[in-house]
1. If a residue must be part of a loop (DSSP other than H, G, I, E, B) and in contact (Cβ under 8 Å) with a residue 60 or more places away in the chain, how many such residues does the range 46-91 contain?
2. Inside the range 147-175, can you point out the residues that are small (G, A, S) and over 15 Å from the mean Cα position of the chain (by Cα)?
3. When only residues in the range 128-153 that are within 24 Å of T112 (Cβ to Cβ) and hydroxyl-bearing (S, T, Y) count, which is modelled with the highest pLDDT?
4. Looking at T161, T168, T112, T174, can you tell me which residue is at pLDDT below 85 and either under 26 Å from L54 (Cα atoms) or out of contact with any Asp or Glu (no Cβ under 6 Å at 6 or more places or on another chain) (or both)?
5. If a residue must be part of a helix (DSSP H, G or I) and surrounded by 13 or more Cβ atoms within 10 Å (Cβ to Cβ), how many such residues does the range 97-120 contain?
6. Got a sec? Which of I94, I22 is part of a helix (DSSP H, G or I), modelled with pLDDT under 70, surrounded by 13 or more Cβ atoms within 10 Å (Cβ to Cβ) and β-branched (V, I, T)?
7. Have a look at V106, V83 and point out the one that is at pLDDT 80 or above, among the hydrophobic types (A, V, I, L, M, F, W, C) and in contact with a helix residue (DSSP H, G or I) (Cβ under 8 Å, 6 or more places away or on another chain).
Amino acid sequence: MQLAIEHDSLVKNNIADALPLIGSQSIAVAIVDVLLIGHDDTQMQQLKHTGIKLLLIGHQWCEQKQINALVAGAKGYCECAAVPEMLLKAVNSILRGDIWIQRHLVPKVIGTLITINNAQSNTSVKQDKPATSLLNCLTAREMEVANLISIGKSNRIIAETLNISERTVKAHLTSIFQKLNVQDRLRLAILIKETLH
């Protein structure tokens, strides 16, 4: 399998056996079958606290469960029946800091996270919305890229829209992540939506 060729891999049949190894080895992504997680997310939370990025795989898992998994901290979901090349793309995408989920679900994930953030803000000490001045450190082009990310556009679509290369889009994203101190596209999208909308 191409995944095993490009990345060191380790296979375990249950999460309890995998947890000690994750702490002792430099594992960047865990591919976890949703059947191993069960109905509560205790095991997923244990994996999340190790700092490892989670790619969940399943068989026709409903969209709401996919959304809930990303909200809970997973970095992606892929069908078990996906061709090996697709699984490799998902892993590489997650390693680059992206999320891997059906494109049409991105706005729903963002909306759910914003709703949760707003609910937490209302129940705890009232915090001000992120100041628009935070975004002033971005160049005009970086702001265009950030706005397109906030509506769920892919690097390819952003490149086509702005008439730039995908490599340039990635360079802008790296700069944006550093300037705004965000780790991934999802957090960037939430920040933009909370700040500007």
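1. Residues of the range 46-91 part of a loop (DSSP other than H, G, I, E, B): 49-52, 59-62, 72-75, 80-83.
Narrowing the set further to residues that are in contact (Cβ under 8 Å) with a residue 60 or more places away in the chain leaves 75.
Adding up the residues that qualify gives 1.
2. Correct list: A159, S165, A171, S175.
3. Step by step, filter the range 128-153, then rank; the result is S150.
4. Details: T161 fails: at pLDDT below 85; T168 fails: at pLDDT below 85; T174 fails: at pLDDT below 85.
Residue meeting the stated conditions: T112.
5. Matching residues across the range 97-120 total 11.
6. Answer to the check: I22.
7. When all the criteria are applied, what remains is V106.
The values are calculated or read from the model by the stated rules, or taken from the named source; none is laboratory data. What you see is a predicted model; the values in this text were computed from it and never measured. Neighbour counts run over all protein chains shown; Cβ positions are idealised from the backbone, glycine included.
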